[in-house]
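K.L.:
After the structure tokens below, expect a handful of questions from me.
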Amino acid sequence: MPTPDRSPAPATLSSPGGAAPAGPSKRPHSALKAVDTDTTAGIIFGIGAYGLWGLMPLYFLVLQPAGAVEIVANRVLWSLLFCALLITVTRSWRVLGAAFRNRRLIFPLIIAAVLIAVNWLTYVYGVTTGQAVEASLGYFINPLVSVLLGVVVLKEKLRPLQWAAVGIGFIAVGVLTVSYGKPPWIALTLALSFGLYGFVKKRVGPRADAITSLTVETIVLAPVAAAAMTVLALTGAATLAAHGAGHFWLLAASGIITAVPLLFFGASARRLPMTTIGLLQYFAPVLQFIVALAVFHEPMTTDRWIGFGVVWLALLVLTMDMLLATRKNSVNRKLARAAA
């Protein structure tokens, strides 16, 4: 999960005891320039990560006629191969071995692997069966689920605007249930699985970097993925080697396509405050929604537009609360520094 912004403390911008060093104007300027460069790089990495996630439905479209199970199985196996390459290049095999020996780390990552597998299967199923709009809805309501998890699991106290956002979110789900004639289970499964996945990964914290985490998760899922591919091959349902070299390499590329946005996200999270990451996360479902309408031509009835509108209202309220809280915290930090 994103880490708080760590901008330079005043002591890093001036010499100890307040004495001015030689060339006093250069050090503050260079420090501020480094912060600006870091922020710019963080935003670029963040847009890259969420942009790739947002355009992922287009990738699944070109993988037809492969089904959801085959796509996810290939995604796991090729991701494992790509991660093994990264681990070798970065000489991190000892770090990976230490992760497997650490019970406090390995058990949460096993749970994370199961959650991300459920998320991937549900998402690919939604996109490949003409329900990409509902799949995008899952990532729109994910921030609301994360807030709700904070209350249920961590016993956090919500601010009034957060309660309002959650309440509006429940109304939106009710409206969309009436619109679809059933609960939007694809969206709810995606939001809940990814919300829990984020919660578990946040508990893991800095004890495992992005490459190590992804490698452990793919190792856990690899036997199941290999078994699925074996069954598909034996039943004649596998498409990996049955539709030419182009199709084979498109499926093989799933390892890179899975790992790259995760690495971009890690690079972004290290450079940006959580507020900025929180705003960037809406980039992915917006792109998914646009792709579903403009490329897949999925229908949007009036009542569904109303339901999505209510969801967006809830997100607007949640974003306002986040910005107000960040501004208040910033003011409090400045007052504390001035008092010190």
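The values are calculated or read from the model by the stated rules, or taken from the named source; none is laboratory data. Note that this is a predicted model, so its numbers are computed, not measured. FYI the Cβ positions are ideal-geometry reconstructions off the backbone, even for glycines, and counts take in every protein chain you see. Note: accessible area is taken over every heavy atom of the protein model, side chains too, but ligands, DNA and RNA are not part of it. Shrake-Rupley method; radii C 1.70, N 1.55, O 1.52, S 1.80 Å.
Conditions tested, residue by residue: (1) surrounded by 20 or more Cβ atoms within 10 Å (Cβ to Cβ); (2) under 24 Å from Leu58 (Cα atoms); (3) of a type in the set (Ser, Thr, Tyr).
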residue: Phe283; (1), (2), (3): no, yes, no
residue: Val286; (1), (2), (3): no, yes, no
residue: Ala292; (1), (2), (3): yes, yes, no
residue: Phe296; (1), (2), (3): no, yes, no
residue: Thr302; (1), (2), (3): no, no, yes
residue: Gly307; (1), (2), (3): yes, no, no
residue: Val310; (1), (2), (3): no, no, no
residue: Ala314; (1), (2), (3): yes, no, no
residue: Leu318; (1), (2), (3): yes, no, no
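K.L.:
Which number in (1) buried (at least 21 other Cβ atoms within 10 Å of the Cβ); (2) in contact with a Ser or Thr (Cβ under 8 Å, 6 or more places away or on another chain) marks the one condition that Ala73 misses?
P.N.:
Single failed check for Ala73: (2).
K.L.:
Report, by residue number, each residue of region 120-137 that is touching a residue at least 60 places away in the same chain (Cβ under 8 Å), open to solvent by less than 10 Å² (accessible area, probe 1.4 Å) and not polar (S, T, N, Q).
P.N.:
Passing the criteria: Val124, Gly126, Ala132, Val133, Ala135, Leu137.
K.L.:
Mind listing whichever residues of region 179-196 are open to solvent by 40 Å² or more (accessible area, probe 1.4 Å), assigned to a helix (DSSP H, G or I) and out of contact with any Gly (no Cβ under 9 Å at 6 or more places or on another chain)?
P.N.:
Selection gives Trp185, Leu196.
K.L.:
A further question on this structure: Tell me whether region 234-252 contains one or more residues that are among the small types (Gly, Ala, Ser), under 27 Å from Ile87 (Cβ atoms), touching a residue at least 60 places away in the same chain (Cβ under 8 Å) and open to solvent by 30 Å² or more (accessible area, probe 1.4 Å).
P.N.:
Checked region 234-252: no residue is among the small types (Gly, Ala, Ser), under 27 Å from Ile87 (Cβ atoms), touching a residue at least 60 places away in the same chain (Cβ under 8 Å) and open to solvent by 30 Å² or more (accessible area, probe 1.4 Å).
K.L.:
Sticking with this structure for a sec: Can you pull out the residues in region 105-143 that are at pLDDT below 95 and either among the polar types (S, T, N, Q) or in contact with a strand residue (DSSP E or B) (Cβ under 6 Å, 6 or more places away or on another chain) (or both)?
P.N.:
Hits for region 105-143 are Asn119, Thr128, Thr129, Gln131, Ser136, Asn142.
K.L.:
Scanning region 98-116 for residues that are open to solvent by less than 60 Å² (accessible area, probe 1.4 Å) and not aliphatic (A, V, I, L, M), which turns out farthest from Gly138 (Cα to Cα)?
P.N.:
Of everything passing the filter in region 98-116, Asn102 is farthest from Gly138 (Cα to Cα).
K.L.:
What is the one condition in (1) open to solvent by 40 Å² or more (accessible area, probe 1.4 Å); (2) under 22 Å from Ala68 (Cα atoms) that Arg270 does not satisfy?
P.N.:
(2)
K.L.:
How about region 261-340: which helices (runs of 4 or more DSSP H) wholly inside it have at least 2 residues that are at pLDDT 80 or above?
P.N.:
Ranges flagged: 283-294, 302-339.
K.L.:
Any residue that is open to solvent by 10 Å² or more (accessible area, probe 1.4 Å), within 17 Å of Arg75 (Cα to Cα) and not polar (S, T, N, Q) - is there at least one of those in region 197-204?
P.N.:
For region 197-204, residues open to solvent by 10 Å² or more (accessible area, probe 1.4 Å), within 17 Å of Arg75 (Cα to Cα) and not polar (S, T, N, Q): absent.
K.L.:
Same structure, new question: Inspect region 48-57 for any residue being touching a residue at least 40 places away in the same chain (Cβ under 8 Å) and more than 15 Å from Thr258 (Cα to Cα) and give the result as yes or no.
P.N.:
Scanning region 48-57 turns up no residue that is touching a residue at least 40 places away in the same chain (Cβ under 8 Å) and more than 15 Å from Thr258 (Cα to Cα).
K.L.:
For Leu221, state whether it is open to solvent by less than 40 Å² (accessible area, probe 1.4 Å) and over 30 Å from Phe82 (Cα atoms).
P.N.:
no
K.L.:
Select from region 49-70 the residues that are open to solvent by 20 Å² or more (accessible area, probe 1.4 Å) and under 19 Å from the mean Cα position of the chain (by Cα) and list them in ascending order.
P.N.:
Tyr50, Leu52, Trp53, Leu55, Leu58, Tyr59
K.L.:
Could I ask something else about it? Considering every residue within region 158-177, establish whether at least one is within 30 Å of Gln64 (Cα to Cα) and more than 15 Å from the chain's Cα centre (by Cα).
P.N.:
yes
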